[in-house]
Amino acid sequence: MSPLQSPERPVPATPVAETLTRVVALLADDAPAGAVTDAVAGLPGEPLAARAAADALAVRDLLDLRRRREREGAALNATARDLTSLRSSGEVLRAIVERARRLLGSDSAYIALVDEATGDAYMRVTAGTRTDGIRAVRQRPGYGVGGYVIQTGQALATSDYLVDERIRHDPLVAAAVGADGIVSIAGVPMRTGSTVIGALFAAHRVRRDYDQAEIALLSSLAAHASVVIENARLYERIQSVTAELREAGARLAAQRHALERAAFAHEQLMPLALERTEVAELVRVVRRILGGGAVLLAGDGRVLAECRDDSGRAPADLQAHEVEVRVGEESLGCLRLLRRGPLSPADERTLERAAQTAALLLVMDRQAALVAREVHAELLADLVADRAPDWAVLQRRAVRSGIADFERPHSVVVAGTSRPQQGPRALPGPDQPVLGAAVAIAERYGGLAGVHGETIVLLLPGLDPDDAARLVVAELSAVAGRPVTAGAAGPGAGARVLRGLHRSAARCHRLLLALGREGQGAALPDLGMLGTVLETADPRQIRGLLDRTLGPVTAYDRANGSSLLATVEAYFSAGQSPPATARALGIHVNTVYQRLDRITDVLGGRRWREPAGAVEMQLALALNRQLGEPLGRAGRPAAASGWGGRAGR
């Protein structure tokens, strides 16, 4: 043991030891930092004393930090207790801003929330403010400390608000801040999830800097304030929902009595809808429940179902009670009850429910009809599609659905409209009245109807193709309000045969349009040789053929008052025999020879009398007869007719 440690030789006190002893005592007594600083100031400047002084000050700083953390923790715990209390949200928010003000030693503190309608920040709670102007501030997004914090979701602190160049100043807000004397401001965001709903601020009326510990404390208080705001919103929402539920409960209680009184009628009517009963059964049930007689009328006045009163009363003694049968805004007709005397409120409700059931049954019938029509259209579309179907599958579908019997002879009709310079044009689409009229025709005869490309196609069993085409033209033109042209083919049986008949009917339809016979219906045999020879044609091709063959002849006849075209007709009708032609025309055979020479001159050669040219000439004559009048144009030079040989005079 050294002499200094020997109990028998006490160490004499020195100024340094006495000072250190006093410093330790001050630290033990948790003396203020200033007292510790004054005590260590008396230590000499030797290294050991300097380290002791630094350690003493560090201990003092740790004690100060511990004391501040204890205060902050106590404040946060108190705030957490407030969140579970029954205090109002306004009281809790005021407690939070007061704690923020006390913990940071700020002159004022306040909470601003985001206006959901405008995005502005408005003051919700303030503490320590002096002027009404600062309490009424509304800050636009991006302006001021509040606008920056809310827009970016990041904290911002400034030691001098009015001169800080990082901040976009709103003149009105800057004036309010200056009037309240605020110099330094720190703001942190308040969040619900990832959404910024407001900001918490601490403000001083002197210039000061905010350290990270203060920003962290302010952020913790802001998190608690966010919970308060969200809880308040949830509470308001729960109250609103609760009020709505109470109101709904009151309405349900008021309706319960009426529902109980109508229970018997409900039990009677509901199975009708579930079992998709016929409307005739519905009318019988209505009569059984309410007595009297009942009748269900369609919108056009047709009687859909009726059950007469059998009480023996005269019709004059019965009173009519009607309820409209509606689906949304659409009226399907009415349900009429005929009985003696007025109806009670319960009976009126029963009749109304019966009308609703009738509407449901009618709608289900209509939907079933629409589905059947769609199946019909799909089957027909597959039959006439450009690509041949799987015949076995197609036949199974037809048999399974019971909607078509392809083995029964059908006529096929292709119908459409046209407009000048546009060629064939489609009839209105599947939702339009014209297609509905076509479907009605098909259903009337037990056939099919649908859209294929730009035309409507009908398969009509039991009809001659000519009759079918004329029927379709008459009925569809009346609905369309413009001419409808229809080509027909058939009759024939079997899916493959009907597919081929569709091609023939489509060709007939195109030829009718090419010949200018819009608004007419015909089958290919009605077109004679044209229906066989012309596979495809359009009006321009027909016009070109007539101009090239008969155009020069008709032009010559108009210019000279002659009858060369009639001579050409008679010549080919007589088998190209001049004597037979003379007998047919009732003129001398020499006159026929003269006319034939003149025709050769006009056409620029004899090709029209030779085999190839004669066929083309006879085709042109057939076209001319179908059109009913010459289509050739006058004024075209004969040499341009393309018949060759010597030029005409």
In region 381-439, the residues that are crowded, with 20+ Cβ neighbours inside 10 Å and modelled with pLDDT under 70: Ala404, Ser418, Leu427
Unique match (being at pLDDT 80 or above, surrounded by fewer than 18 Cβ atoms within 10 Å (Cβ to Cβ) and outside the structural domain of Ser344 (by TED's automatic domain parsing)) among Ala258, Ala243, Ala298, Ala250: Ala243
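Any idea which of Arg135, Arg191, Arg205 is farther than 21 Å from Glu91 by Cα and among the basic types (Lys, Arg)?
Only one candidate qualifies: Arg205.
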Report yes if Val615 is modelled with pLDDT under 85, of a type in the set (Val, Ile, Thr) and surrounded by 14 or more Cβ atoms within 10 Å (Cβ to Cβ), otherwise no. no
Some residue of region 146-155 being modelled with pLDDT of 90 or more, touching a strand residue (DSSP E or B) at 6+ places or on another chain (Cβ under 7 Å), crowded, with 20+ Cβ neighbours inside 10 Å and among the aliphatic types (A, V, I, L, M): yes
Any residue that is surrounded by 14 or more Cβ atoms within 10 Å (Cβ to Cβ), assigned to a helix (DSSP H, G or I), modelled with pLDDT of 70 or more and not assigned by TED's automatic domain parsing to the domain that holds Leu511 - is there at least one of those in region 625-647? no
Name the residues in region 503-527 that are closer than 30 Å to Arg396 by Cβ and surrounded by 24 or more Cβ atoms within 10 Å (Cβ to Cβ), would you? Ala505
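Restricting attention to region 198-213, does a residue exist that is part of a helix (DSSP H, G or I) and at pLDDT below 90? Spell out the reasoning first.
Here is the first cut: in region 198-213, the ones part of a helix (DSSP H, G or I) are 212-213.
Of the ones still in play, those that are also at pLDDT below 90 are 212-213.
Yes.
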Give me a count of the residues in region 314-357 that are under 16 Å from Asp300 (Cβ atoms) and surrounded by 14 or more Cβ atoms within 10 Å (Cβ to Cβ). 8
Of the residues in region 121-143 that are among the small types (Gly, Ala, Ser) and closer than 20 Å to Gly153 by Cβ, the one that is surrounded by the fewest Cβ atoms within 10 Å (Cβ to Cβ) is Gly142
Just one listed residue, out of Gly142, Gly181, is in contact with a Lys or Arg (Cβ under 9 Å, 6 or more places away or on another chain), of a type outside the set (Lys, Arg) and under 26 Å from Val227 (Cα atoms), and it is Gly142
Does region 81-99 include one or more residues that are assigned by TED's automatic domain parsing to the domain that holds Val177, modelled with pLDDT of 85 or more, surrounded by 15 or more Cβ atoms within 10 Å (Cβ to Cβ) and touching a helix residue (DSSP H, G or I) at 6+ places or on another chain (Cβ under 9 Å)? yes
Quickly run through region 586-595 and pick out the residues that are modelled with pLDDT of 85 or more and assigned to a helix (DSSP H, G or I). Asn590, Thr591, Gln594, Arg595
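The values are calculated or read from the model by the stated rules, or taken from the named source; none is laboratory data. In this text, all values refer to a predicted model and were calculated from it rather than measured experimentally. Methodologically, a virtual Cβ is constructed for each residue, glycine included, from the backbone with ideal geometry; neighbour enumeration extends over all protein chains shown.
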